[in-house]
Each structure stands twice: as structure tokens, then as C-alpha cells.
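As C-alpha cells, the structure follows; a few thoughts come after it.
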Amino acid sequence: MTEQTTTADQAATTAEQQHFEHLISEDSRVEPRDWMPEAYRKSLTRQVSQHAHSEIIGMQPEANWITRAPSLKRKAVLMAKVQDEAGHGLYLYSAAETLGTPRSVLNEQLLSGKAKYSSIFNYPARTWADMGAIGWLVDGAAICNQVPLCRASYGPYGRAMVRICKEESFHQRQGWEILYELSHGTEAQKQMAQDAVNRFYGPALQMFGPPDADSPNSQQSMQWNIKRFSNDELRQRFVDMIVPQAEALGLTLPDPDLKWNEERGHYDYGQLDWDEFMSVIKGSGPCNVQRMKRRREAHAQGAWVREAAEAYAQRQAREAAEAAAAASATDAEATEEFTVVAGRGSAELIGA
Amino acid sequence: MSENQTGNWPLWEVFVRSSRGLSHVHAGSLHAPDATMAVRNARDLYTRRNEGTSVWVVPADAITASDPDSKGGYFESAQGKSYRHATYYTKSEGVKHL
């Protein structure tokens, strides 16, 4: 009996697995209620939630400049951008939740420091020009990474990425424009722009992750059609895009090895500092502690808003219930009156 | 009030009508303590760039879906019935307005 059940279960699992593999081989999409291997679910949950956490933490470097934006227009733009980052985080949490992990758990993983987020946000935004460099290079690298994710095999993730990519292009352009204005301003402004680019170039290139040889999880992600291009392929694509963009800005990229390779048809670029990358991931970046502290504070300081929303919802529900009770009492009275009238009528009829 | 309580707001599925004449389409989900706040939150989250003229929110629990385990089987009866499509009828080729 037990044996039979086990065999039936195995047969079922195999059929489910075949269906999943069929979807992947067809380059079709896996949807939330489909069977999927535990490893696929786990890997995606990690990737999508880390992505969400990055958007949430990513609000900080820019929020830092909202009060000091040089004009009302710049302030409005920056607020819209920071609001977008919050929105992107929420789209992604929504997608991550469809994999079965509740939002409260995901949030707790971020607050406790158990979950990771993109290392780039552990660098400080020192000057106004950093708002430009972050938009152009950081959001630019993010777009380069994210456009192929729109075709990720997991439906909700791909759909969230489509929405996000549409909005990111505004981010990148506004950043480039900040740098353009500065590089066409005074000598000091141009220097400020150059300095920001110098600081963000390397970390932005590292956003694509370690070199392919050191990226053991990538292969599995590519087999599952989550990842479509390797880290180095995407990095190369990004370098090829930003070189002419830097020229158009009249700024240079801080890489002496950066030069056009006729044979490859791509730009060669220099070694990146992977020791620094690893140390920032492990928590020793310039702002890791500050970012986490701020996130915890913001969550704690928002408690009263959540409590107020809850109290409001409860009061609304109570008042609606009371109003409904009052209305049904009135109805009952009306019904009673009607019954009495009808009763009298009946009596009269009976009497007749 | 406890964190647990605030962490457990119900999940609402959000549907957005992008313009008049079109259906509401699923956009994503969000957490909110009640329907009114879910609608406000949905506006801020899913329509920051004129993506919508109308928003619906539905408690995620209230949705009944077809069984995903039945795979294609559930929808099989529609297959193999090509006579339900206009392209099945070919004799009228060359005849106008048919």
C-alpha cells in the first residue's frame, strides 16, 4: 500500500518535472501555481528579493540629496526618481511573494541583515554630481542587466522587470543630463562631474557580478532561462555603450586600459578591483553600516503610520458594521409594520 | 501594536484599466489594511505615469483559479474544434465580403 503510494507520487513528480522542463526548453514561462523544482523556487526567491532589497536601499544615496537639490525642478525630479525606486522594490516584492515567501519574512530578512542587496549602494553620494553619475552609470548598468531579465522564465519576475525597465530609462537620461550641465558649466563644476564619474565607474562595472570564471551560480540560472547573458558579456555591452556617452559629455572614464579593440569589435577595459568588491559585499564598504541603520530606523519610525492605517481600517469596518446593523434594524421595523398590516388584512378576510 | 499585526495585512491583487474602452488588466499586488487604502496605494504604485484611468483591487484570497495541475487538460475540449473558427470554411475563397 505504502509502496504503491510512493510509486504514484514519484510518477506524478516526474510528470510535473517533465512539464517544467518542457516549459523551459520551449522558452515559455513558468507561472506561480505551476510545479517547479525547489532549487528553482529558492534561487528565484533569493534573486528577486535581493533585487527588491536593492531598490529599497537604493533610495538612500539619492534621498540624501533631495533637500539640497540645486533647483525646484531638480528636487521634483529627484523625488520622482526616489519614489520610483520604492515602487520598483514593491513590484519585485509582489513578484517574490508569488513564490510563497510572505512579505513580512522578506522584510525581516532585509532588516536583520540576513539578505544581501546590491553593493553599489554601500558607496556614499558625496556631491550633487553623484546624482548624475548614479543615474547615468548605476542606473545604466542596472538597465543593461535588467533588459534581458524581462524575458526571465518566471512570469511575475519578467513582468515586473518590463515595468521597471520602462521607468529606468528616465533615471538614466536625467543622470546623464545632470552631468552634461555640469561638464558644460564652470571649471569647478566640470571637475565635480569628472570626480563623480571617476568614483562610480569601477563600482558600476562591478554591478554585473564577478568575472564568469568566478560566478558558479550563473550557469544554472542560464539553464533555467532566468539569466540570458553572462556577467562578462553584459559588462562588455555596458562598456561599449558608455564610452561614446562619456565622449558626448566631454568627460573621461578612469581606466588607462580602456581602448577600442579592432579585432574584437569591442572596447578592452582594465582589471577591476575584485578584492574591494568582495570586502564591500562582506560588509566593509564605506556605507554598509549606515545604510542598514537607516533602513531599520526608517522602518521603526514608520510604525505609527502602519498602526494608524490599521486603526483607521478597524474604525471604518466598525462604523460600516454599525451602519449596516442600524439599517437592518430599520428594515426589520418596516417589515414588522408590513406584517401587522398584512395580518390585519388577513384577519379581515378571515372575518369576512 | 505589534509588528506581527502590521506585517500581516491582507494581499490585494491590482487591476488597472489603461484607457477607456479597454479591460482592466492585472498589474501586480500589494498589502493594505482595507480596500479603500489598497485602492489609494495601488494608484501610487501602479499609475505614476498615467498608466490608468481606473483601478480595481481584489482580495487575493477571493480569487478562485482553475487547477494548474490539470495543465492543458482542462482546456482540451476547445482544441480539435477548428470548425469554431472562420478559417475552417474554405469553399468561399474568392467570394467577396465572406
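The values are calculated or read from the model by the stated rules, or taken from the named source; none is laboratory data. If you're wondering where the values come from, they're calculated on a predicted model, not measured in any experiment. We place every Cβ from the backbone using ideal geometry, glycine too, and count neighbours over all the protein chains shown.
When region B:11-46 is limited to residues that are β-branched (Val, Ile, Thr) and farther than 16 Å from A:Arg159 by Cβ, the one that is farthest from the other protein chains (Cβ to nearest Cβ) turns out to be B:Val39.
Scan region A:43-63 and give yes if some residue there is of a type in the set (A, V, I, L, M) and either closer than 21 Å to A:Leu182 by Cα or modelled with pLDDT under 95 (or both), otherwise no. Yes, the conditions are met somewhere in region A:43-63. Scanning for something out of contact with any Gly (no Cβ under 6 Å at 6 or more places or on another chain), surrounded by 15 or more Cβ atoms within 10 Å (Cβ to Cβ) and not in a helix (DSSP H, G or I), does region A:291-306 turn up at least one residue? Among the residues of region A:291-306, not one is out of contact with any Gly (no Cβ under 6 Å at 6 or more places or on another chain), surrounded by 15 or more Cβ atoms within 10 Å (Cβ to Cβ) and not in a helix (DSSP H, G or I), which makes the answer no. If only residues of region A:142-160 that are more than 12 Å from every other protein chain (Cβ to nearest Cβ) and within 14 Å of the chain's Cα centre (by Cα) are counted, the one that is farthest from A:Ser230 (Cα to Cα) is A:Gly158.
For region A:79-120, the tally of residues that are within 8 Å of another protein chain (Cβ to nearest Cβ) and under 14 Å from the mean Cα position of the chain (by Cα) stands at 10. State whether one or more residues within region A:128-141 are surrounded by 17 or more Cβ atoms within 10 Å (Cβ to Cβ), more than 14 Å from chain B (Cβ to nearest Cβ) and within 30 Å of A:Glu26 (Cα to Cα). Yes: one or more hits.
Taking every residue in region A:307-319 that is more than 16 Å from B:Pro10 (Cβ to Cβ) and pairing it with any residue that is assigned to a helix (DSSP H, G or I), at least 6 positions away or on another chain, yields no pair with a Cβ-Cβ distance below 6 Å. Looking at region A:40-123, the helices (runs of 4 or more DSSP H) lying wholly inside it that each contain 1 or more residues that are of a type in the set (Lys, Arg) and surrounded by 15 or more Cβ atoms within 10 Å (Cβ to Cβ) sit at A:72-97, A:103-111. Among the residues that make up region A:267-278, is at least one of them modelled with pLDDT of 95 or more and touching a Lys or Arg at 6+ places or on another chain (Cβ under 6 Å)? The answer is yes, given that some residue of region A:267-278 is modelled with pLDDT of 95 or more and touching a Lys or Arg at 6+ places or on another chain (Cβ under 6 Å).
All of (1) touching a residue at least 24 places away in the same chain (Cβ under 8 Å); (2) of a type in the set (Lys, Arg); (3) in a helix (DSSP H, G or I) hold for A:Lys166 with one exception: (1).
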